[in-house]
Every structure is written in structure tokens, then in C-alpha cells.
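Only the coordinates and a few stated rules stand behind these numbers; no lab work does. Remember, predicted model here, so these are calculated numbers, not experimental data. Every residue, glycine among them, receives a Cβ derived from its backbone with ideal geometry; neighbour counts consider all protein chains shown.
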Amino acid sequence: QCSLHCENSDLQMCLFPVTRGEFCDYEIFKAQCNNGQVLHILHAMYGQMALGKCVKVDGYLGCKADVTNVLAQRCNSQLQCEINVLDDQLRQSRPCEAGISVFLDVQHACITGEFRILCCIQLSTTSS
């Protein structure tokens with residue numbers, strides 16, 4: 001379990017659960033927050049990063065692209081967000097050779113508006 005936190009000498013530490021998901025090429029990344037919270041994309045990779053739900057056999061592991069900014073532009077500060085794994089903007093990152101199945105690995109958190117305004121001096125993930 002990870003938590004999103006930031007530290008500021010004037011504020012107490014803020015903690016929010018971080019959700020991580022692996023979305024295969026036939027799936028849609030879907031994230032939704034409760035009322036009073038908004039999405040914040042922490043990290044997103046696109047390609048064939050590791051064996052798991054979407055890749056069962058080691059064939060082309062290691063081809064990947066950081067698409068954090070792509071997802072952040074479309075999802076940050078939203079109540080909910082949906083992006084098809086085969087979205088044109090993601091595919092334009094071309095992390096792997098043509099014909100290789102890719103997947104999306106995303107870490108996101110639902111944060112309150114106050115956190116965004118007061119705490120965003122330093123954001124990181126920590127294992128707990």
C-alpha cells in the first residue's frame with residue numbers, strides 16, 4: 001500500500017491512498033474519485049514493462065514510454081477519467097516495435113482541493 005504525501009514545515013503531513021493498475025490493450029483505464037476529491041496522476045508507463053496480467057511470456061519486455069504527462073493533462077483535477085489503452089495519443093509514444101501488444105501501468109490518487117493548494121510543494125510516493 002502506498003500513500004501520497006507531502007511535507008511542509010507549516011502543515012501536518014497529508015496522506016491519500018494511491019491506486020495502481022495495469023490495463024491491457026483491450027481495456028480502458030477508468031478512475032473515479034468521491035465528491036470533494038479530484039484525480040492526480042502520479043506515474044504512468046506505456047509499453048511492455050514487466051510480466052503480469054497483460055504480458056504472460058517474456059518476449060519484448062523493456063520497451064516503454066513515460067506517459068505521465070499525457071494522462072495528467074487529461075485526468076488531473078477531474079472527478080473521473082477514462083482513456084482507452086489504444087488511444088491515439090498514447091500510441092504516438094511508440095514505445096515498442098509495431099505489432100507488439102502494449103499495456104498501461106498507472107498510479108493515481110484522489111486528493112482534496114485543499115491538498116492541491118496547500119500541500120503541493122513536494123509530492124512523492126512512499127511504501128507503508
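Summary of computed values
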item: Residue 89-residue 112 FRET efficiency (beta carbon distance; Förster radius 25 Å; 0.05 resolution); result: 0.30
item: Extension gain, residue 43 back to residue 68 (0.36 nm per residue minus Cα-Cα distance, nm); result: 8.5 nm
